[in-house]
Amino acid sequence: MGGKPCKPIISYEAAEEALCKDSWSKGQVSKQDLRKLFENASKLEASCVSSAPSDVQKLSKAAFKEKFQFAGPFFDLGDKVVERLFKVLGADDAEGTLDYESFVCSVYMFTKSTELEKQRLIFNMFDFNGSGFIKKKEFRDMTIAIIRGDNTPPEFELEFKTLSKLMTDSAMALYDTNRDGKLSFEEWLKYSESDKNVQRCFSALSRGCDLSTLIQESLENDQ
């Protein structure tokens, strides 16, 4: 469940600026603090090549999950959902890893983002081709990935497909107000308020962590 990346919700520069307005026990969060946070996280896995220059280091999904426990609820939604999340966050096509700039934007999304930015992130997860709209097939594919998870017995596959089709048809009938066969972001916002699967994603994204705690733990691990 890769799909195409969408237009970034926030630029690296804007995310870095917002994060550096925060503070922790030793003062203002600095660019060096963010870099150290990334370097320590990327050292959790040998595949991240910790001996390489920091600007070419990459962070895997496994290392992200291990380092940032607050992201756990999103990982509970299943591998396909997490794969798409990482793609939207800017993961590399071949390796599925985050570089430093994508990492900074990800930390912003999990610690500082507004509710509207969180909704945009989830919208982008459904928008597989990056068109700015959610088409019926995209809606159905993402919905079935969320409700199915990783542990669905094969014998229930048909039931999940049938359920996702019903949910898709219902959503389009109720919220595709201009009847163009797709949901705009504005239409999506109205839909998302009533759908428990979207709320699961929103809830997972909202269980963020205080940035100062992340920085503190990172520097303690470096001592």
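The values are calculated or read from the model by the stated rules, or taken from the named source; none is laboratory data. Everything numeric here is computed off the predicted structure, so don't read it as measured data. Methodologically, a virtual Cβ is constructed for each residue, glycine included, from the backbone with ideal geometry; neighbour enumeration extends over all protein chains shown.
Brief remarks follow.
- When region 92-107 is filtered for residues that are at pLDDT 85 or above and either out of contact with any Leu (no Cβ under 8 Å at 6 or more places or on another chain) or under 23 Å from residue 20 (Cα atoms) (or both), the ones remaining, listed by number, are 98, 99, 100, 101, 102, 103, 104, 105, 106, 107.
- For region 141-175, the set of residues classified as of a type outside the set (A, V, I, L, M, F, W, C) and surrounded by 18 or more Cβ atoms within 10 Å (Cβ to Cβ) consists of 141, 143, 148, 164, 168, 175, listed by residue number.
- Residue in region 127-138 that is basic (Lys, Arg) and surrounded by 13 or more Cβ atoms within 10 Å (Cβ to Cβ) present: yes
- Among the residues of region 110-140, those identified as in contact with a Lys or Arg (Cβ under 7 Å, 6 or more places away or on another chain) and either without any contact (Cβ under 8 Å) to a residue 24 or more places away in the chain or assigned to a helix (DSSP H, G or I) (or both) are 125, 140.
- Counting only residues that are under 14 Å from residue 126 (Cα atoms) and in contact with a Lys or Arg (Cβ under 6 Å, 6 or more places away or on another chain), region 141-171 holds 3 of them.
- Some residue of region 100-109 being more than 11 Å from the chain's Cα centre (by Cα), in contact (Cβ under 8 Å) with a residue 12 or more places away in the chain and in a loop (DSSP other than H, G, I, E, B): no
- Pairs with Cβ under 7 Å, 6+ apart, first in region 12-41 and farther than 16 Å from residue 101 by Cβ and touching a residue at least 40 places away in the same chain (Cβ under 8 Å), second crowded, with 17+ Cβ neighbours inside 10 Å and of a type in the set (S, T, N, Q): 40/218
- Being of a type in the set (D, E, K, R) and modelled with pLDDT of 95 or more is a property that residue 179 has.
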